[in-house]
Amino acid sequence: MSTWAYDGTAMFGRQLRRMRNNPGLLVLTQTMPVSMLLFFGYVFGSALAVPGAEYRSFLVPGLLVATASGGVMTGMFQSAQDVHRGVTDRLRTLPVSRAAVPVGQAAADVVVTAAGTVPFLLVGLAVGWRVEGSALGAVGAVALLLLFRFACVWIGIFLGLLTRNEEAAGQLGGATFLLPLLSSAYIPTEGLPDGLRTVAEWNPISAVATALRDLFGNAPVPEGAAWPVAHPVAGSLGWCAVLLAVFVPLAVRQYARGKR
Amino acid sequence: MTTTYTVLSEGLEKRFGDVRALRGLDLAVAEGTVCGVLGPNGAGKTTAVRLLTTLLRPDAGSARIAGHDLVREAAAVRRRIGVTGQDTSIDGDLTGRQNLRLFARLHRVRGAAARAAELLDRFGLTEAADRPASGYSGGMRRRLDLAASLVRRPEVLFLDEPTTGLDPASRTPVWDAVRELTGEGTTVLLTTQYLEEADRLADDIALVDRGRVAHTGTPAGLKSLVGTHVEVVVADADALVTAAGVLDRLTGAEPSFDRERNAVGAVTGDPTLTLPRLVRTLDAAGVPLLDASLRPPTLDDVFLRLVGGPGTPSDHPAEDEERAA
Ligand SMILES: Nc1ncnc2c1ncn2[C@@H]1O[C@H](COP(=O)(O)OP(=O)(O)O)[C@@H](O)[C@H]1O
Ligand SMILES: [Mg+2]
């Protein structure tokens, strides 16, 4: 096995062990979307009309994507914690390939996210959500979701290495809960005022949520939306490619150079 | 025979904004020896260790570690060093055993599990091995940290203030580990604020002041250069002159008086002056002795003598008091 893959695997294992030993963050990030599904689904569901869909079927893919965007927070918190505790410095004095540490972290996070979607989707089924499209479409939807999560974690890793501080990362991480609010994760963007609608539709979360709804067959692509939402699958892939192209090199560089 | 220097730095400089942490650091550590880098808080010890272990890049100067250029061959340097930084660097979410296994795997150690168990045993951590490291006491963390830097026997071991903040009982295994490693040929560079620690462990001492090496020598040389403080306290002021006369004869140095405490002191470089001899001589001269002490020189004494000042003013007065105590 190449150095890179070997180190990455070791770091991947460490990340999983770390989450198992300290499941607090994991429990929070898993129970949050379920409670939001029940709360939004039954409170807003009675007041909101979504063109061509049941609100709860519209909400399930939206919450999946909103939760995936929480990868920014998780990634940031974990890498800031590593810097803060000196773990990053120890790893940097080892003969470990530079990319292995963040790669292992991001990969482990995606695996955990994938496992976490199962209980969430079971609750989704219980409240009436179904795969209304093809099985292939559903597989594509999950793959796209995980790709988006992967991209989000890299943003988080970079920000965590930059802030270097657990508390600051925690506070900044809290702000990432706001990101899905200005997107089509919870509400259709058609009803928003023009300016706000444009902003919301250029939010990557909107493109991915729309793509998931399209691939699961839960809701139609909205009319007259901005390009990434009007072409949701291409738009989502584009967003992921851009985010990864920007944040992977930034994170790896930041990791390698440390505190200067 | 020519000496091989395992750590050799020339003119290392590092600046943080306006602070010149290192201003041309020259160090030479011979293979298989222990070099004690001695200096007060803020002298630049940690910065030096972070540079020499590839964590920071020097602004100027160069260094070779185990024959490899610090900057151009950083990967080769990392394969040959072990590092225990000033602050602990272990993953509190993992157990002690998991930490060591991870570092052993990353070091490509065959039989990582066995190596981890061996180190846990050696540092008295077997009992706590399977508990999360976040629950360890300060001394346990420090020992785990040290164990982590030994998973693969390093050619050069860097220890940044390895025993600062440890109780005396926890210092012993750290010192033992250092001696054992040098016995096996590892070169050690350790920083410390304690002259006593450098004296116990180091073959050579580099005294660092304001980012530069101010003096080098052996611990014995350094100590005899400064000398031992002798102080006696007498029952009444009239006896002070007699006591001073005795001290003058024994040490050959100018005595200094502290009249408020009825005390008189002097400095000696004479290793044969022991406490019994001091007390006997004073008693024979009829001095009503209340207290007598021989105090080995501290870092402060060394600085006063060699640098002519108290060294770098510290950002941490509390630690200074600790050091003076
Ligand atoms: N990252 C940093 N940013 C700014 N100043 C620093 C940094 N690291 C160290 N310094 C400063 O550099 C000087 C040397 O610090 P350090 O190497 O930690 O000394 P020591 O380890 O001997 O106590 C101090 O004045 C310290 O405040
Ligand atoms: Mg220091």
For a test of the definition: using alpha carbon positions, the gyration tensor, and the 1.5 limit on a/c, classify segment B:75-129 as rounded, prolate or oblate. oblate
Compute the accessible area per residue over chain B, keeping the other protein chains in place, probe 1.4 Å, unit Å². 45
Rounded accessible area per residue of segment A:3-257, 1.4 Å, Å²: 40
Extension reserve of the residue B:64-residue B:113 stretch, reckoned as 0.36 nm per residue once the Cα distance is removed: 14.4 nm
Would you please give the residues with an amide H less than 5 Å from that of residue B:24, counting only those at least 5 places away or on a separate chain, with H modeled from the backbone geometry? B:12, B:13, B:14
For the protein assembly as shown, build the convex hull from the C-alpha positions and give me its volume per residue in Å³. 201
Looking at the calculated P(r) for segment B:225-308, what percent of the C-alpha pair distances fall above 16 Å? 48
Between segment A:77-133 and segment B:23-51, how far is it from one alpha carbon centroid to the other, in angstrom? 39
Ignoring everything except DSSP H segments at least 4 long, calculate the 222 nm mean residue ellipticity for the protein assembly as shown; use -39,500 (n - 2.57) per segment, divide by total residues, nearest 500. -16500 deg cm²/dmol
So, counting K/R as plus one and D/E as minus one, what does the shell of residues with Cβ under 9 Å around residue A:80 add up to? -2
Any idea of the total accessible area buried by the B-A contact, 1.4 Å probe, rounded to 100 Å²? 2600
Are there any residues in segment A:233-260 with a reduction of at least 40 Å² in accessible surface when going from the isolated chain to the assembly of protein chains? Probe 1.4 Å, please list them by number. A:260
Here the alpha-carbon Rg of chain B over 2.2 N^0.38 Å rounds to 1.15
Show the residues, 5+ positions off or on another chain, whose built amide H is closer than 5 Å to the amide H of residue B:65. B:70
For the protein assembly as shown, what is the percent of antiparallel DSSP beta bridges, rounded to the nearest 5? 70
Share of segment B:5-217's accessible area from carbon and sulfur, percent, 1.4 Å? 45
A 1.4 Å probe over the protein heavy atoms gives segment A:3-257 a carbon and sulfur accessible-area percentage of 71
Provide a list, ordered by number, of residues in segment B:85-126 showing at least 30 Å² less accessible area with every protein chain present than when their chain is taken on its own, using a 1.4 Å probe. B:89, B:91, B:93, B:94, B:98, B:102, B:103, B:105, B:106, B:107, B:108
Please compute the net charge surrounding residue B:60, taking Lys and Arg as +1 and Asp and Glu as -1 over other residues with Cβ under 14 Å from its Cβ. +2
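The values are calculated or read from the model by the stated rules, or taken from the named source; none is laboratory data. This one's a predicted model, so the numbers in the text were calculated from it and none came from an experiment. All Cβ positions, glycine included, derive from the backbone under ideal geometry; neighbour counts span all protein chains shown. Each accessible area value is taken on the protein alone, full model and side chains, heavy atoms only, with ligands, DNA and RNA left out. Shrake-Rupley method; radii C 1.70, N 1.55, O 1.52, S 1.80 Å.
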